[in-house]
Amino acid sequence: ILLPIIAHLFFGVADGQAGLLIGYAGFAISFLVAPFASILWGYYGDKYGKDRLMRYSLIMMAVPSICIAMLPTYETIGVWAAILLLLCRVVQGFSASAEVLGSKIYAINSLPPRYSTLVSSLVSAGGALGVMLAVCMGLLVSRFTHVDYLWRVSFLLGALIFICVHFLRAKKTVTATKKSVKWTSIIGVVKER
């Protein structure tokens, strides 16, 4: 949704249609990376644990978001702007494959088997809600095309949400350790409230 706004900034093409085609082709690379990334993330999760898998995949989504928000444009650094933007998108595509399945596996393994279907559906619903919120943010930002930097705010906001969730999760883990409560369980958290 934001590509029509940022295509001319990063790809240096005067024709809007050509910029969009280059942008969509470039962003498609991040989707081509996902199947290979899934295999690597699966191995990593089995070897080092699902908690670590989730933490690193989320970091690999947040850091490129910050980088995209701070990237200089084509006018400033030329073709490197497009290369760096596409590189950030490839890293995000690599991490997205771990987030979707990793979050389901992590949540399902944290609960008794009788809740596995509910948790799986809640994770799927959360993912769909996240996509819907991102689309709404993109539509909102695209309404204000006269504000040149506003698209950058949406990327920074996404990274800020990750940082807040990361620290809240770390705080709950410390609190849970002190109280000897199993906070990894969604049902356990609800029952404690």
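The values are calculated or read from the model by the stated rules, or taken from the named source; none is laboratory data. Computed from a prediction, not measured in an experiment: that's the story for all the values here. Every residue, glycine among them, receives a Cβ derived from its backbone with ideal geometry; neighbour counts consider all protein chains shown. Accessible surface areas use protein heavy atoms only, side chains included; no ligands, DNA or RNA. Shrake-Rupley method; radii C 1.70, N 1.55, O 1.52, S 1.80 Å.
Within segment 9-20, the residues that satisfy the criterion of being at pLDDT 80 or above and either of a type outside the set (A, V, I, L, M) or more than 23 Å from the chain's Cα centre (by Cα) (or both) are Phe10, Phe11. For segment 38-49, a residue qualifies if it is assigned to a helix (DSSP H, G or I) and open to solvent by less than 40 Å² (accessible area, probe 1.4 Å), and the qualifying residues are Trp41, Gly42, Gly45. Out of all the residues in segment 1-37, which are open to solvent by less than 50 Å² (accessible area, probe 1.4 Å) and under 30 Å from Ile108 (Cα atoms)? Passing the criteria: Ser30, Val33, Ala34, Ala37. Inspection of segment 118-131 identifies no residue that is of a type in the set (Gly, Ala, Ser), modelled with pLDDT of 85 or more and within 16 Å of Ile6 (Cβ to Cβ).
At pLDDT 85 or above and exposed (fewer than 14 other Cβ atoms within 10 Å of the Cβ): does that describe Gly78? So Gly78 passes the test.
Would you pick out the residues in segment 8-51 that are farther than 20 Å from Ile83 by Cβ and either in contact with a strand residue (DSSP E or B) (Cβ under 9 Å, 6 or more places away or on another chain) or hydroxyl-bearing (Ser, Thr, Tyr) (or both)? Answer for segment 8-51, where residues must be farther than 20 Å from Ile83 by Cβ and either in contact with a strand residue (DSSP E or B) (Cβ under 9 Å, 6 or more places away or on another chain) or hydroxyl-bearing (Ser, Thr, Tyr) (or both): Ser38, Tyr43, Tyr44, Tyr48.
Of everything in segment 148-173 that is surrounded by 11 or more Cβ atoms within 10 Å (Cβ to Cβ) and farther than 19 Å from Ile59 by Cα, the residue that is modelled with the highest pLDDT is Trp151. Restricting attention to segment 81-120, the residues that are aromatic (Phe, Trp, Tyr) and surrounded by 18 or more Cβ atoms within 10 Å (Cβ to Cβ) total 2.
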